[in-house]
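None of the figures in this text is laboratory data; all of them are computed from the coordinates on show. Quick caveat, the model's predicted, so the values are computed rather than measured.
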Amino acid sequence: MGNINGKVIWVTGASSGIGEALVYALAKEKAKLVLSARRKEELQRVADAAEVTKDDYLILPLDLDRQQDFEQKKKEVLQKFGRLDVLINNGGISQRSLAKDTTIEVDRQIFETNFFGTIALTKVVLPDMLKQKSGLLITITSAVGKFGSPWRSGYAASKHALHGFFDSLRAEVYDDNVKVMLVCPGFIQTNVSRNALTGDGSKLGTMDGATLKGLTADKCAEEIVSAIKSDKEEIIVSQFKERFGVWVMRFFPRLFSKMIRRMNVR
């Protein structure tokens, strides 16, 4: 994409974590921003902190589980800015529970938000990008979109599903100049573990040690913005451990199987 200045970029999950850090990083690049999450007051806090002028941002509360609202939300974006250049699918929910202890309702909830909510919003904005013959669809998946990890069976499955969908979509829309990028963060210092669902659907409520030792959200956002400028198709944003895990999984899957059983992922 090169220059981000003036591009209209819609960020979901913009009220905290990676999404919030992305808003700050993109504001420095002079992008026009659409901020979405469920909490309107938190979105306004982020917009104020980013010091974006009122003409250059739109607060757009959004619940990924309410897909029936997406078409109207898109219309509000187009009414404000006239176009959409980039959609960053960042909203989602994590998990911290063993598969045997996780109800099927929790698995369905994770998929409804992470997978179906994400692809539903993508399908709403895609026709406009195809019509204007330009656009970038970015989806924040996870390192566990590349390999499975204990305590995250439903979460890892939803992220694997996103890879399958967006890898396919990338090939389908290439000739229409619509690009697809997948971002695979490892452990990032956010509230993702605090908000993660346990086996009965309740929130974990604490930050796990692995998350606490991860990269900062600001560093993650910095790498994502750099990848946008460089037209990358997929990046892994993590410390060495997660990058090494992806490499071992690809070339030595049996060794990786032994490693992941012993690895501290909590």
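The GNM of the chain, with springs linking C-alpha atoms under 10 angstrom apart, assigns the highest mean-square fluctuation among 226, 238, 94 to 226. Here is the P(r) of region 1-143: all C-alpha pair distances, binned every 10 Å from 0, give 12, 42, 33, 10, 3, 0 in whole percents. Taking a temperature of 25 °C and a viscosity of 0.890 mPa s, what whole-number D in µm²/s does Stokes-Einstein yield for region 112-266 with Rh from Kirkwood over alpha carbon pairs? Reported coefficient: 147 µm²/s. Of the cross-linked pairs 73/213; 133/232; 40/159; 73/159; 7/241; 30/146, those separated by over 29 Å at the C-alpha level are 73/213; 7/241; 30/146. Within the listed set 246, 23, 125, the Gaussian network model of the chain (springs between alpha-carbon atoms below 10 Å) gives the highest mean-square fluctuation for 246. Most fluctuating residue of 203, 75, 100 in a GNM of the chain with Cα springs under 10 Å: which is it? It is 100.
Over all distinct Cα-Cα pairs of the chain, the Kirkwood formula returns a hydrodynamic radius of 18.7 Å.
Relative to the longest principal axis of the Cα atoms of the chain, helix 118-132 runs at roughly 40 degrees.
Using alpha carbons only, the radius of gyration of region 1-84 set against its Kirkwood radius gives Rg/Rh = 0.94.
Counting helices only, and only those DSSP H runs with n ≥ 4, report the 222 nm mean residue ellipticity of the chain as the sum of -39,500 (n - 2.57) divided by its residues, in deg cm²/dmol to the nearest 500. List each step's numbers first, then the result.
Working: 10 runs with 118 residues, N = 266.
The helix contribution divided over the chain gives -13500 deg cm²/dmol.
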